[in-house]
1. Counting just the Cα atoms, what span does the protein assembly as shown cover along each of its three principal axes? Round to the nearest Å and put the largest first.
2. To the nearest 100 Å², how much accessible surface do chains A and B hide from each other in total, with a 1.4 Å probe?
3. For B:VAL12, A:VAL20, write out the residues from largest to smallest accessible area, computed with a 1.4 angstrom probe and no ligands counted.
4. Return the ratio Rg/(2.2 N^0.38 Å) for region B:20-82, where Rg is computed over Cα atoms only.
5. Using θ = phi - 60° and the Karplus form 6.51 cos²θ - 1.76 cosθ + 1.60, what ³J(HN,Hα) does each residue of region A:39-53 get, whole Hz, x for Gly and Pro?
6. Quick check on region A:1-70: take the gyration tensor over C-alpha atoms, sort the square-rooted eigenvalues as a ≥ b ≥ c, and tell me if it's rounded (a/c under 1.5), prolate or oblate.
7. In whole Hz, what ³J(HN,Hα) sequence does region B:57-71 give by Karplus (6.51, -1.76, 1.60; θ = phi - 60°), x for Gly and Pro?
8. Non-local amide H neighbours of A:ALA86 (under 5 Å, H modeled in plane, Pro and chain starts lacking H): which ones?
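The values are calculated or read from the model by the stated rules, or taken from the named source; none is laboratory data. Since the model is a prediction, treat every value here as computed from it, not as a measurement. Because the Cβ atoms are built from the backbone with ideal geometry, glycine has one as well, and the counts that use them run over all protein chains shown. SASA here: full protein model, heavy atoms, side chains in, ligands and nucleic acids out. Shrake-Rupley method; radii C 1.70, N 1.55, O 1.52, S 1.80 Å.
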Amino acid sequence: KQEVTQIPAALSVPEGENLVLNCSFTDSAIYNLQWFRQDPGKGLTSLLLIQSSQREQTSGRLNASLDKSSGRSTLYIAASQPGDSATYLCAVSTGNQFYFGTGTSLTVIP
Amino acid sequence: DTAVSQTPKYLVTQMGNDKSIKCEQNLGHDTMYWYKQDSKKFLKIMFSYNNKELIINETVPNRFSPKSPDKAHLNLHINSLELGDSAVYFCASSQDSGGAYNEQFFGPGTRLTVL
């Protein structure tokens, strides 16, 4: 059964720092990996989707990489801002099933 | 022009009651999902429907019954509510039920509190 882990569970950084969030999964037979952002009391906002054949995707200050063989993905956030404070979740798709990690709670200190 | 909408946003009810949560998507997607997010923020899939047909039914008590009147709607009915049902329930949709480019879009969630 697929298990998705995110480390660290919480991260606090000063504004302007570059940071990396990690996501690992146990079964490399995935269709894609998706990164989400969840603000307190809100739904999930899709940030990036990486197909299994891709190595990375970029959107603005965000860059997500995927190493399927080692079961790892990273989300790189450049020049962090207080508005980036949220919980970041990764999810892997194995077809019609999605498995979520437990999230990393990010706080960017002004 | 909300993509995935849910009603109600908050639901407070007594143990033993029956309640429903509604979900609608205007993205033209074929697949819809219900997730439960517990107090530790862990998201777990409950059900998935593709073109009104049930394709995922995880180990969920049979007090939970999804209904999809058409592919744009997926409602969740819960009978005999229990304290442990308190959670945030999210609806989501995606273009299809599989494939490399199967991006999920989530609704704002329904916070259910059972007293």
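1. Reported extents, whole Å, longest axis first: 49, 37, 36.
2. Counting protein atoms only, the buried area is about 1800 Å².
3. Of B:VAL12, A:VAL20, the descending order of accessible area is B:VAL12, A:VAL20.
4. 1.11
5. Karplus values, whole Hz, x for Gly and Pro: 8, x, x, 10, x, 8, 10, 6, 9, 8, 10, 10, 6, 4, 8.
6. The shape class here is prolate.
7. Here the 3J(HN,Hα) series is 9, 5, 5, 10, x, 6, 6, 9, 9, x, 9, 10, x, 7, 6 Hz.
8. A:LEU106
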